[in-house]
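**Student:** My structure is below; once you've seen it, I'll send some questions.
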Amino acid sequence: MEQKAEEEVSNAFPPSFSSSDLKQLLHSLPSNALNHFFSLGVCVRCILRLFGIKGPIYASIDNGSVENPVDSTASNETKLCNVCLGILQFRFYDDREKRMFQKDAAYDVALLIADMVRQEGYQFDSFSLEVSIPPLILQKEASLWSYIQTKYGSEPWFQEKIHTGCVSIKDALKFSLINPLEKLLDCKSSWCPFRIRLTYTHTKASEGVAKCSDNGGSCKRRKTDESDSTGERPLSSSVENGSFDCSKLFPKSENEPCHFTYNCFRTPFYFGGRYLKYSRNVSQTCWIIDDERMGEASVEEIIGIKVLQACRGDNYKFHAAGREDIDVRMLGPGRPFILEVQNTRLVPTEQFANNIEKMINEEENKLVRVKNLKLVGSDGWNLMREGEGEKQKQYAALVWTSRPLKDEDFQQVSSLKDLKVVQRTPIRVLHRRSPLEREKIIHWMKMETVAGSSQYFLLHLCTQAGTYIKEFVHGDLGRTHPRYDKNLRLMQCLMAKMSGTHTNLLVTALF
Amino acid sequence: MSDHITEESNFSETKEKEKEKEKQKEQDEAEDEELRKLLLSDVQNLPSTPPSAVESNFAIYFALDFMKPRHDQYVYRHANGLCVIGLAPSHVAFKDEGGITAIDFNVGKSDRSGVKVTGKRKKNAQHFESNTALCKVSTKNDSYIVRCCVKGSLLEVNQQLIKQPELLNASIGKDTLLL
């Protein structure tokens, strides 16, 4: 019976903690420490978290009704908390509205946030709250905590309950805001792509960062760090003998509320698939020189713009496993790619991906086709690695030669397996690549007649990844040639004859 | 009894798999056929003699009578700014009996064939003016200086010409490359 009542209380909102419940809770805490904290100018929520208390109580406290447990006067809530500088008191300078806010309850802050989320127009069924606190405040907390450890470490209540540490400001803020936000946004909070980010900054925070860099560039506070802000090291002894000056813990100069901004965004979604390129006038990525576009379109834009518009994202990044020239078609199974879409307003689904694929493939000009478009997670990147790692690539080139072909040409070409060629960096890319000699392997070749011509033929070839196909065929003015081997003498003659005259070859990538 | 049932279910499983395989085969064949059609789609309207690779990728210039009568050279300029310099077929050297017999890149202050240019920024490339000597070609009785014709940095020379100068006689052998 009792358990059921408890559950009901915790499920309802707001859990009805009245001010007398709060009073009771405070009275149950060790009074010496409690009074000390109050006198140090620590706000009520910071006190609760210093005692390791968790849960929805943070959400239901009304600042206006908190009393100092000792003398029942108005509490610390009117003054800025020395530890959290108002974060857990809901006092801040709102960078959006450009004015100071002083809210009494977590619900009021949640209202501000929920309004913003609604305005942004995201589709979501869950949200994840992210909080960013200035390092200055974390330092203050560290100082206070080490002070507490030293002063109360030996007391039994400390060792029983909270030797593990206090509740962090981030967690206390989340305890405050998550329940109201769940109610206002009508969904649960969970780890998900839709993020609500709360960022607190402080004008004095830069000093804190400067101190960090004094640690030799490392901002990791050492666990045994004592009294960072005062620079005093022997904290423990002076605390124990009572001579420690508490006012040194919290310098007055830092006593200003924080700046607060809040926004929401979605972490990127990834679409994976394969593309085919039918056009010889479409580059893979957007190619613009001096305000002039090269080619009539790009694969990246054809796919990216459609996907971006459909999910209402901010921008996209196109990643492909390898690339081909603008005047080379990509057929066969297609080239794997991943499209990263940032900050989508809609949540894409499998059906959604299917629809986009159809839309792209039904385009009138049929420049590009997409296969197997689907949402991918990190496994998508493995597919890409595989695509790049495939060491053999297959091509078909339409070639013209100046002397008519003979049967033995076909046989000789087919007989060559794993032919080694040496390619100097092609002239057409030499302006942006290092002049090197690269040895590549042509695994196999097959010539195929083209109806009605004795000088045109289709050359099918399978080569090592990274081979320049065009240069292999036309020889690049002698800069690409087979590695000399007396067994290949015949082939060399044939290739040499061809390379002087091969022209206008049309290459198609097929792997 | 159970054996009989498993046998039957195995049998129907294999039949299904066979059907799937056939379907896949049909699909593959259809795709192959489509691919073939695409590959051969370029075949319509092929010119009987298409332009050469050089003609398609470079702008071809000639420097006739460069600094001396009948010293004719060509410059192939690529869209990326690189140039290939060579002897035009009408160069006086080809008229000599026996054609070209030797090529020496050791002219001016350095041996051009010893140039070692490295990296994307093309370190060590020597800067040349249009009248800088590139090499000396010799025939049986005469020798001729080949000059740069354009202002730029020398990236590489055609090393094959040192060992096989007769290549120049046979076809348009490239001489040098410049940036």
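The values are calculated or read from the model by the stated rules, or taken from the named source; none is laboratory data. These numbers were taken from a predicted model, which means no experiment stands behind them. When we count neighbours, we look across all protein chains shown, and the Cβ atoms used for this are built from the backbone with ideal geometry, even at glycine. What goes into the accessible areas is simple: the full protein's heavy atoms, side chains included, and nothing from ligands, DNA or RNA. Shrake-Rupley method; radii C 1.70, N 1.55, O 1.52, S 1.80 Å.
**Student:** Just the residues that are open to solvent by less than 20 Å² (accessible area, probe 1.4 Å) and either basic (Lys, Arg) or assigned to a strand (DSSP E or B) (or both), please, taken from segment B:123-154.
**Tutor:** B:Phe128, B:Ala133, B:Leu134, B:Cys135, B:Val137, B:Thr139, B:Val146, B:Gly152, B:Leu154
**Student:** A follow-up question, please. Of the conditions (1) modelled with pLDDT under 80; (2) within 11 Å of chain B (Cβ to nearest Cβ), A:Val473 clears all except one; give me its number.
**Tutor:** In the conditions (1) modelled with pLDDT under 80; (2) within 11 Å of chain B (Cβ to nearest Cβ), A:Val473 misses (1) alone.
**Student:** With the requirement that a residue be assigned to a loop (DSSP other than H, G, I, E, B), acidic (Asp, Glu) and under 22 Å from A:Pro30 (Cβ atoms), what does segment A:114-155 give you?
**Tutor:** A:Glu155
Residues are listed down the side, and each one gets a yes or a no for (1) modelled with pLDDT of 85 or more; (2) touching a helix residue (DSSP H, G or I) at 6+ places or on another chain (Cβ under 9 Å):
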site: A:Asn361; (1), (2): yes, no
site: A:Glu390; (1), (2): no, no
site: A:Asp407; (1), (2): yes, no
site: A:Ser415; (1), (2): yes, yes
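**Student:** Let me ask you something else. Please find, among A:Glu160, A:Glu97, the residue that is open to solvent by 20 Å² or more (accessible area, probe 1.4 Å) and in a loop (DSSP other than H, G, I, E, B).
**Tutor:** Criteria check complete, one pass: A:Glu97.
**Student:** If you don't mind, another one. Restricting attention to segment B:105-128, which residues are over 15 Å from B:Leu82 (Cα atoms) and either charged (D, E, K, R) or more than 11 Å from every other protein chain (Cβ to nearest Cβ) (or both)?
**Tutor:** The answer is B:Phe105, B:Asn106, B:Val107, B:Gly108, B:Lys109, B:Ser110, B:Asp111, B:Arg112, B:Ser113, B:Gly114, B:Lys116, B:Lys123.
**Student:** Now, a different point. Which count do you get for residues in segment A:395-414 that are small (Gly, Ala, Ser) and open to solvent by 10 Å² or more (accessible area, probe 1.4 Å)?
**Tutor:** So the answer is 2.
**Student:** For A:Pro56, are the conditions met, namely being at pLDDT below 80, of a type outside the set (Val, Ile, Thr) and either within 24 Å of A:Ser168 (Cβ to Cβ) or touching a His at 6+ places or on another chain (Cβ under 8 Å) (or both)?
**Tutor:** Values: at pLDDT below 80: no; of a type outside the set (Val, Ile, Thr): yes; either within 24 Å of A:Ser168 (Cβ to Cβ) or touching a His at 6+ places or on another chain (Cβ under 8 Å) (or both): yes.
It is false that A:Pro56 is at pLDDT below 80, of a type outside the set (Val, Ile, Thr) and either within 24 Å of A:Ser168 (Cβ to Cβ) or touching a His at 6+ places or on another chain (Cβ under 8 Å) (or both).
**Student:** Let me ask something else. Please return the ranges of helices (runs of 4 or more DSSP H) entirely within segment A:320-435 where 3 or more residues are away from chain B (no Cβ under 14 Å), in contact with a strand residue (DSSP E or B) (Cβ under 8 Å, 6 or more places away or on another chain) and within 30 Å of A:Pro482 (Cα to Cα).
**Tutor:** In segment A:320-435, the matching helices (runs of 4 or more DSSP H) lie at A:407-415.
**Student:** Between A:Gly334, A:Gly380, which is out of contact with any helix residue (DSSP H, G or I) (no Cβ under 9 Å at 6 or more places or on another chain), under 28 Å from A:Phe124 (Cβ atoms) and open to solvent by less than 10 Å² (accessible area, probe 1.4 Å)?
**Tutor:** From the options A:Gly334, A:Gly380, the qualifying one is A:Gly380.
**Student:** When the residues of segment A:436-464 are narrowed to those that are closer than 27 Å to B:Asn158 by Cα and among the hydrophobic types (A, V, I, L, M, F, W, C), which ends up farthest from the other protein chains (Cβ to nearest Cβ)?
**Tutor:** It comes out as A:Ile441.
**Student:** Determine, yes or no, whether A:Arg274 is within 26 Å of the chain's Cα centre (by Cα), at pLDDT below 95 and open to solvent by 50 Å² or more (accessible area, probe 1.4 Å).
**Tutor:** yes
**Student:** Among the residues of segment A:72-94, count how many are at pLDDT 85 or above, touching an Asp or Glu at 6+ places or on another chain (Cβ under 8 Å) and not in a loop (DSSP other than H, G, I, E, B).
**Tutor:** Count: 1.
**Student:** Might you check whether a residue that is within 14 Å of chain B (Cβ to nearest Cβ) and modelled with pLDDT of 80 or more occurs anywhere in segment A:486-495?
**Tutor:** There is no residue in segment A:486-495 that is within 14 Å of chain B (Cβ to nearest Cβ) and modelled with pLDDT of 80 or more.
**Student:** Determine if segment A:234-254 includes at least one residue that is at positive phi and modelled with pLDDT of 70 or more.
**Tutor:** No, segment A:234-254 contains no residue that is at positive phi and modelled with pLDDT of 70 or more.
**Student:** Now for a different question. What is the number of the single condition among (1) surrounded by fewer than 17 Cβ atoms within 10 Å (Cβ to Cβ); (2) without any contact (Cβ under 8 Å) to a residue 60 or more places away in the chain; (3) not small (Gly, Ala, Ser) that A:Lys174 does not meet?
**Tutor:** A:Lys174 satisfies all of (1) surrounded by fewer than 17 Cβ atoms within 10 Å (Cβ to Cβ); (2) without any contact (Cβ under 8 Å) to a residue 60 or more places away in the chain; (3) not small (Gly, Ala, Ser) except (1).
**Student:** Right, something else. Here is a check on your reading of the model: is A:Asn315 within 22 Å of A:Cys192 (Cβ to Cβ) and open to solvent by 30 Å² or more (accessible area, probe 1.4 Å)?
**Tutor:** Spelling it out, A:Asn315 is indeed within 22 Å of A:Cys192 (Cβ to Cβ) and open to solvent by 30 Å² or more (accessible area, probe 1.4 Å).
**Student:** Quick one: count up the residues across segment B:48-104 that are more than 9 Å from every other protein chain (Cβ to nearest Cβ), touching a strand residue (DSSP E or B) at 6+ places or on another chain (Cβ under 7 Å), open to solvent by 60 Å² or more (accessible area, probe 1.4 Å) and farther than 21 Å from B:Asn169 by Cβ.
**Tutor:** Result for segment B:48-104: 3.
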